[in-house]
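These notes are about the structure you will find just below.
The values are calculated or read from the model by the stated rules, or taken from the named source; none is laboratory data. It should be emphasised that the depicted structure is a prediction, and the values quoted were computed from it without experimental measurement. Ideal geometry is used to build each Cβ from the backbone, glycine not excepted, and the neighbour counts take in all protein chains shown. These area figures cover heavy atoms from the full protein model, side chains too; ligands, DNA and RNA do not enter into them. Shrake-Rupley method; radii C 1.70, N 1.55, O 1.52, S 1.80 Å.
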Amino acid sequence: MTDYIPLGRSEKIPRSVWLAPLSVVLGSMTVLLPIIATVPFLPPFGLMMLLGWRLVRGDAMKVWMPVPLGFVDDMLSGQPLGSAMVLWTLAILMVDVLDTRLVWRDFWQDWLIASAGIGLVLIGGRLLATPFSAHVDTALLLQIVVSAALFPVIARFCAWLDRDKKRQ
């Protein structure tokens with residue numbers, strides 16, 4: 001029995017189907033790098049890759065993909081289990097809602113949307129993982145600023161990874 005292929009579609013599976021989740025997992029694996037720092041300044045590269053793929057090419061991943069990708073990030077980063085799963089899903093839902101409200105987006109709006117999403121996820125992770133008496137707010141602010149500053153590089157990298165796509 002042969003599979004049904006609709007007219008206008010090719011048999012070849014687009015590279016972004018497997019490359020987008022793989023790049024998010026590899027971004028989450030950057031926490032395994034042996035970097036010694038007194039202040040946690042390393043951006044959440046997994047989240048940034050997820051938002052980069054969502055903003056550069058919205059159809060690269062299914063709607064439910066933040067849940068398993070957040071689970072992988074939780075397992076690698078040591079955050080409480082389920083925190084990235086919930087916060088990443090809320091960030092992607094925020095982007096989806098803004099995507100339906102905005103008629104068009106440009107680079108600056110994508111940067112602002114991603115920076116807001118990254119900031120909200122990092123603040124939510126701080127509220128879930130550390131006690132309120134912990135003095136980590138300045139380090140968190142530094143991490144948010146570094147992440148927001150690096151997001152255009154991540155978005156450009158996602159676009160470079162998706163360079164073989166064909167627009168119809």
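Can you tell me which residue is nearest to Val153 (Cα to Cα) among those in segment 98-125 that are charged (D, E, K, R) and surrounded by fewer than 18 Cβ atoms within 10 Å (Cβ to Cβ)? The extreme case among them is Asp106.
Residues in segment 147-168 that are in a helix (DSSP H, G or I) and either farther than 13 Å from Leu47 by Cα or at pLDDT below 90 (or both): Ala149, Pro152, Val153, Arg156, Phe157, Ala159, Trp160, Leu161. In segment 82-97 there is at least one residue matching the filter, namely being open to solvent by 70 Å² or more (accessible area, probe 1.4 Å), modelled with pLDDT of 95 or more and farther than 16 Å from Met49 by Cα.
Condition check: open to solvent by less than 70 Å² (accessible area, probe 1.4 Å), at pLDDT below 90 and either among the small types (Gly, Ala, Ser) or touching a helix residue (DSSP H, G or I) at 6+ places or on another chain (Cβ under 7 Å) (or both). Does Gly58 satisfy that? Spelling it out, Gly58 is indeed open to solvent by less than 70 Å² (accessible area, probe 1.4 Å), at pLDDT below 90 and either among the small types (Gly, Ala, Ser) or touching a helix residue (DSSP H, G or I) at 6+ places or on another chain (Cβ under 7 Å) (or both). Here segment 143-161 is the region considered, the condition is being closer than 16 Å to Ser16 by Cβ and of a type outside the set (Val, Ile, Thr), and the residue that is least open to solvent (accessible area, probe 1.4 Å) is Cys158.
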